[in-house]
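> Have a look at this one before I ask anything.
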Amino acid sequence: MSVQACAEIVAAGDADRFAAAMTAPVEDRDALFPLYAFNLEIAKAPWLTSEPMIAQMRLQFWRDVLDEVQEGKKARAHEVVEPLAAAIRARGIPLAPLHQMIDARQVDIEREPFDGPAALWHYLETTAGALMVASMGALGHRAPDQARVLGRAQGLAAFIAAQDDLEAHGWRAVQSDMLPGMVETALGDLSPLPKRFGMATPAARAAWRTRARLEALKAGKPAVESEFARRTSLVVKTVLRRW
């Protein structure tokens, strides 16, 4: 079992979550890095092949893994599976959000446009939202509704930033006129959260750039900042425990 292997996967594929996880005590990283690596594994599955059936098989592998964990079977010898199974068992991580994350990737396989905001919100709630529920829950924060709101807002900001890449891969997922209203909604959803909720745990800190990104999008500005500014922002927010 190697949490280090998971950390390397996350470092290469998800800079924000990696930086946030590194603010956690070592024992909490043992839960966060496998969850974040699992997220990357299922997120990339639909894009590694042009054959939908093969992509389905890759996702089914992870469904089988979760079923085996639930049944108490020995974890498969896999660099992510073993530490993920250990984290689930040690921290009592609920499997429902993890299954939601897998099932949501069917949309990525089909690559059909979202037919309205409700469909895109559902996708965001069952991808980034479900990951936030699982990761915050792993660290003992039992507020799944608030976690899902934070996660889906984070997911929206990331989804908008990825539009050019998605279109380059043949998926025009949304009409651009659908997004401004969703940005407004996401900012409104974040406002009622407790003032320090966004920095309550290292898991929540993964979304530390979300509000600034959404406000930049609302203003019609690119949500881009230097690496120095990005990391300095996290340090400050970790110390101050505020948005």
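The values are calculated or read from the model by the stated rules, or taken from the named source; none is laboratory data. Just so it is clear, the model here is predicted, and its values are computed rather than measured. Because the Cβ atoms are built from the backbone with ideal geometry, glycine has one as well, and the counts that use them run over all protein chains shown.
> Just the residues that are part of a helix (DSSP H, G or I) and among the small types (Gly, Ala, Ser), please, taken from the stretch 71-102.
First, pick out the residues of the stretch 71-102 that are part of a helix (DSSP H, G or I): 81-91, 96-102.
Correct list: ALA85, ALA86, ALA87, ALA90, ALA96.
> Could you tell me which numbered condition ALA143 fails, if it satisfies all but one of (1) modelled with pLDDT under 95; (2) surrounded by fewer than 15 Cβ atoms within 10 Å (Cβ to Cβ)?
Among (1) modelled with pLDDT under 95; (2) surrounded by fewer than 15 Cβ atoms within 10 Å (Cβ to Cβ), ALA143 violates only (2).
> Follow-up. Among the residues of the stretch 161-189, what is the count of those that are under 16 Å from THR210 (Cβ atoms) and either buried (at least 19 other Cβ atoms within 10 Å of the Cβ) or acidic (Asp, Glu) (or both)?
The initial filter retains those residues of the stretch 161-189 that are under 16 Å from THR210 (Cβ atoms), namely 161-162, 179, 182-189.
Those still in the list that are either buried (at least 19 other Cβ atoms within 10 Å of the Cβ) or acidic (Asp, Glu) (or both) too: 182-184, 186, 189.
Counting residues in the stretch 161-189 that are under 16 Å from THR210 (Cβ atoms) and either buried (at least 19 other Cβ atoms within 10 Å of the Cβ) or acidic (Asp, Glu) (or both) gives 5.
> So, ARG152, is that one modelled with pLDDT under 90 and either among the aliphatic types (A, V, I, L, M) or within 21 Å of PRO94 (Cα to Cα) (or both) or not?
Numbers: modelled with pLDDT under 90: no; either among the aliphatic types (A, V, I, L, M) or within 21 Å of PRO94 (Cα to Cα) (or both): yes.
Taking the combined requirement at face value, the residue does not satisfy it.
> Just one of (1) under 23 Å from ALA216 (Cα atoms); (2) over 17 Å from the mean Cα position of the chain (by Cα); (3) among the small types (Gly, Ala, Ser) trips up ALA161, so point out which.
The one condition ALA161 does not meet is (2).
> Are there any pairs with C-beta distances below 7 angstrom linking a residue in the stretch 10-25 that is in contact (Cβ under 8 Å) with a residue 12 or more places away in the chain and under 16 Å from ARG209 (Cα atoms) to a residue that is among the hydrophobic types (A, V, I, L, M, F, W, C) and surrounded by fewer than 19 Cβ atoms within 10 Å (Cβ to Cβ), with the two at least 6 apart or on different chains, and if so which?
Sorted first by the residue in the stretch 10-25, then by its partner, the pairs are ASP14/LEU40; PHE18/ALA11.
> If you don't mind, there's one more thing I want to ask. Taking interchain pairs and intrachain pairs at least six residues apart, which have beta carbon atoms under 9 angstrom, with the first residue in the stretch 89-115 and more than 19 Å from LYS44 (Cα to Cα) and the second β-branched (Val, Ile, Thr) and in a helix (DSSP H, G or I)?
ARG89/VAL69; PRO94/ILE88; PRO94/VAL133; LEU95/VAL69; LEU95/ILE88; ALA96/VAL133; PHE114/VAL107
> With the requirement that a residue be surrounded by fewer than 19 Cβ atoms within 10 Å (Cβ to Cβ) and either in contact with a Ser or Thr (Cβ under 7 Å, 6 or more places away or on another chain) or farther than 26 Å from HIS141 by Cβ (or both), what does the stretch 24-57 give you?
LYS44, TRP47, LEU48, THR49, SER50, GLU51, PRO52, MET53, ILE54, GLN56, MET57
> A further question follows. For the stretch 117-130, check the following and say yes or no: at least one residue is over 21 Å from ALA157 (Cα atoms), hydrophobic (A, V, I, L, M, F, W, C) and out of contact with any Ser or Thr (no Cβ under 7 Å at 6 or more places or on another chain).
Of the stretch 117-130, the ones over 21 Å from ALA157 (Cα atoms) are none.
Looking through the stretch 117-130, none of the residues is over 21 Å from ALA157 (Cα atoms), hydrophobic (A, V, I, L, M, F, W, C) and out of contact with any Ser or Thr (no Cβ under 7 Å at 6 or more places or on another chain).
> Look at the stretch 58-99 and say how many of its residues are surrounded by 13 or more Cβ atoms within 10 Å (Cβ to Cβ), within 19 Å of GLY140 (Cβ to Cβ) and basic (Lys, Arg).
Going through the stretch 58-99 one residue at a time, the tally reaches 1.
> Something else: Hey, could you check the stretch 172-230 for residues that are polar (S, T, N, Q) and in a loop (DSSP other than H, G, I, E, B) and say which is modelled with the lowest pLDDT? Give the steps one after another, and end with the answer.
The initial filter retains those residues of the stretch 172-230 that are polar (S, T, N, Q), namely 175-176, 185, 191, 201, 210, 226.
Within this subset, residues satisfying the condition of being in a loop (DSSP other than H, G, I, E, B) are 175, 191, 201, 226.
Numbers: GLN175: 88, SER191: 88, THR201: 84, SER226: 44.
For the stretch 172-230, the residue satisfying everything is SER226.
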